[in-house]
1. Leaving out ligands and nucleic acids, and using a 1.4 Å probe, what accessible area per residue does region 492-632 come to in Å²?
2. What's the percent breakdown of Cα-Cα distances in region 15-162 across 5 Å bins, shortest bin first?
3. Give me the number: length gained by fully extending ASN833 to ASN848, i.e. 0.36 nm times residue separation minus the C-alpha to C-alpha distance, one decimal in nm.
4. Using DSSP to define loop residues, name the trypsin sites (Lys or Arg not before Pro) in region 57-113 whose beta-carbon has at most 15 other beta-carbon atoms within 10 Å.
5. Could you give the distance between the Cα centres of region 590-656 and region 218-243, to the whole Å?
6. For the ranges 467-479, 408-420, 222-234, what's the packing order if you count other beta-carbon atoms within 10 Å of each residue, average per peptide, and put the highest first?
7. Which lysines have a Cα lying under 20 Å from the Cα of LYS75, excluding residues fewer than 8 positions away in the same chain?
8. Where a Cα-Cα gap under 28 Å defines reach, which lysines qualify for LYS781, not counting those fewer than 8 residues away within the same chain?
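The values are calculated or read from the model by the stated rules, or taken from the named source; none is laboratory data. Since we're looking at a predicted model, the values are computed, not measured. Cβ sites come from the backbone with ideal geometry, for glycine too, and all protein chains shown count toward neighbours. In case anyone asks, the SASA skips ligands and DNA or RNA and just uses the protein heavy atoms, side chains included. Shrake-Rupley method; radii C 1.70, N 1.55, O 1.52, S 1.80 Å.
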Amino acid sequence: MALSQEILVVMMLLHGVMGTMINLNNNGFEDIVIAINPAITEDAKILTNIKDMVKEASNYLISATERRFYFKSVKILIPLTWTQKPEYKRVRTESYEKADIIVADPYLKSGDDPYTLQFGGCGVPGRYIHFTPTFLTNNNLRDVYGSRGRVFVHEWAHLRWGVFDEYNYDAPFYVTKEKKVEATRCSASVTGIYIFPTAPGEHRDCIFLENTQMYEPGCQFVPNKSQSTPVSIMYMQSLPSVTMFCDKNNHNIEAPNLQNKFCNYKSTWEVIMNSTDFASSSVISTPPPDPTFTLMQTRDRVVCLVLDVSGSMSGHNRITRLKEAAEVFLLQIIETGSWIGIVTFQSYATVQSGLQQIVSDNVRQNLVKFLPTTANGGTNICVGLREGFQVIRSRDGSTEGGEIVLLTDGEDSGMKACFNEVKSSGSIIHTIALGPSAAKELEMLSSMTGGLKFAAFDSLDVNGLVDVFSGISSGSGDIYHQAIQLESKSQKVDAGNSLNGTVSIDHTVGNDTFFVVTWSEPSFKPAILLMDPKGKIYNENNFAVDNTNLKTGRLKIDGTAEVKYLSFFSTKEVLSITVTSRAASLTEPPVTVKSYVSSDANAFPNPIIIYAEVSQGLLPVLGANVIATIESTTASEELELWDTGSGADIIKNDGIYSRYFTSFKANGRYSIKVHVQGRGRASRQTRQRNHVLYVPGYVENDVIKMNAPRPEASDNDTQANLGNFNRITSGGSFVMTGVPPGNTADAFPPSRITDLEVKLNDEDDFLLSWTAPGNDYDKGKAEKYEIKTSENPVELRDTFQNAISVNTSDLKPDVAGIKQSFQYKMENFTKENGTAIYFAIRASDGSNNVGEVSNIARAVVLLPPLLPTSTTPTSPSSSAHPTPANASSSAPPTATNPYTTKATSSSEAPNTKPPGVINTVTIIVIIVCIALIIICACICITICVLHKQKKVNPETLM
């Protein structure tokens, strides 16, 4: 029960932090946001087919969930690049970046697989669903994926309830306890045949490999179109008979799929039943209404800076830091075409600048002049917000879709008085808490409007406020025109010393590249030296210094380069450097990084999980070095994030880098900054995981109808090396409560091991391997391990302590992140073919904090020869089948005419002898024949000898 409650809590917190505003109201999901990327060409069919898809999905979902859930209302966000129409409403707080479903072209044409981006483990909701325009408009893909409504329900289960797929491309087959080779699926009652495609329209039987006791690579399971089983949606929703999720009665616990791995052999329906949605729902007795749709179109970005200039802003150099950071935002971050206004407030509010559209550098420079330089008076946040709304309203009479960047360092007991106005405004409020005394209610403004939450402090990273403003980019999805932060570094240096480093301006960026250097003493401008790879040198004379701010220099560099920087000082100073750029072209997306936290309000002793999503377009970037800096009012700590499939990271090599953070020193706000570096070994992966199964074909009326082969990216794309690159992003902030004074007690257990694997070697030893957890989740070193084994995975999951123990007295934990292995010989183990043995492990620390039970690993005893599965219900003949006359051998991935071949009649005996495989009966016959031949030979030889002895030579008498 404790685990169930934990899943429910994580589900609510993670999904809230990642931006969704979906509401479950009387069994109906409301306010689902489907956003179309601005790079998509206008096509009315996309809108029509989205509506049809959701309507079909609603009816399918109500049936699949035993009449508990349906889709009630959907908002479709139409990009600014499409034609404006009267029926399109204004976007309010919705945006592409926070959408639940996105419609976007894949970068690199490697297929149109719908998928869901999932960060967390079992029961943790996903980030978004991705559909391509081709998927939504090309009806030929129905043969591959099934109807769009059914696909949507499959992906919705990923997104909303955190379940996983019941097939596995990496392990397409497995051996059952009945000693048969079966396709990885749920349920096992889905019938079909096994074939190996040899050419378009041609195939043969799969070859069974005795050395692996499995079918050869490339073998495919082709299902029968007509099935009797109603499960499962998470395996193959395209089958007409499939209308349900697998439950505990029909779940296939033997299949090596991600659902079994991540959910410890729980069925999809068990996970859904454990969700907050299920707990708050009831069975619907009447037919649900059709979903309603609201078409909304984005507008030009309208932003008002609402800046605190109360007396407390004069301390800790805050007003100067505010000006420097806001200047970076105005000159380098805010996108061309946006509208900007500036309001300052103390006890009263003042409009410093009405809205101005960013159409030139002159407009940007002019806006900088209105930034505040002095501070005095009290703090009244509501008057500042109201004046900000007026500025936004001056654009076209509405505040809907506008943005306010609210920065304050003070408390305001009366700020709740304007909460209703904020809710009804339809504007997004991004909050920046500066210093330790900013109003505790500040983040509530962001939560109720879907805004970003940031915090910056006084005594540590002087660049913190600049990083915050650099992270406030448009949520439109147009990454080609957004500013990208490449470097952020600050350091206090002594006289004669320097701050130096290298920043890579990689080939995906290079437009509007700015170097900004700041120093703490206006009378001591440092010597600055920048040098690009071609030897071109820039010095302090190339940096422009504004007369209103003598502590900042700015340099614009054109093109792509790897720039080395060096700054010298004649006195003690604090120096910082910030580098920003934009995409180099409109044809190749830049490498980007986005950061999230598992919760923006956390109670001790729960850990925080920090995520960094590194990608190029929608493709994950692998092999990067990712460092998160977590800062509070009193301390700062660096934490390397991992993409290893261990600890907080669920899936290895998916471009999501993550780590637990537990070093809480005090209550209050914590800020996060993520630094990503690619140093020659970073590359991109060409396919996302957790996507709908690409069905190779079907057997229908004894005829094999094959779909076009699944598109695969070329080796050049798969092995693309991104070279050297730098990225910086602000990960926002979170608030801690309940941290005990001093915080000396060890309250954190080792993390759950999620990558346990086991193999049986030739010496009948079980070889277990896993990644070591830490003393505190994935940090430090655990004290000891406990390993259990069973022939029933449910026993390990539900009653781990009662299962058979493995002697681990000689096994010592290593430092977190290190790969470990353990060899175990089971006593009195009878090696019987097809026997499955399961293992699980957990770690504990020196304070008797015990971690959760790991994923459950499975080893199967395989003794050759092993019969392949009996084909159910039919098997094609082993001869190659010719391509029909109307089939094209060069058909594209979305070919309209499937290849069809005749399957063997069901009245024929099934062919269970793939080419090159000798079954048991044949072996026995051969052995008997050989034995008879040997016996006959022996008899013949004996007769010959005896006969020879009877013939005596008369001369020799012999």
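1. 39
2. Reading upward from the zero bin: 2, 9, 18, 24, 22, 16, 8, 2, 0.
3. The span from ASN833 to ASN848 would gain 1.4 nm if fully extended.
4. Of the trypsin sites (Lys or Arg not before Pro), the ones in loops of region 57-113 whose Cβ has at most 15 other Cβ atoms within 10 Å are LYS109.
5. Here the answer is 37 Å between Cα centres.
6. On the way: 467-479: 22.8, 408-420: 16.9, 222-234: 21.2.
Listed from highest to lowest mean packing, they are 467-479, 222-234, 408-420.
7. The reachable lysines, counting only those whose Cα sits under 20 Å from LYS75, are LYS45, LYS51, LYS55, LYS85, LYS89, LYS98, LYS423.
8. Counting by Cα, and skipping residues close in sequence, LYS781 has these lysines nearby: LYS261, LYS652, LYS665, LYS673, LYS759, LYS812, LYS819, LYS825.
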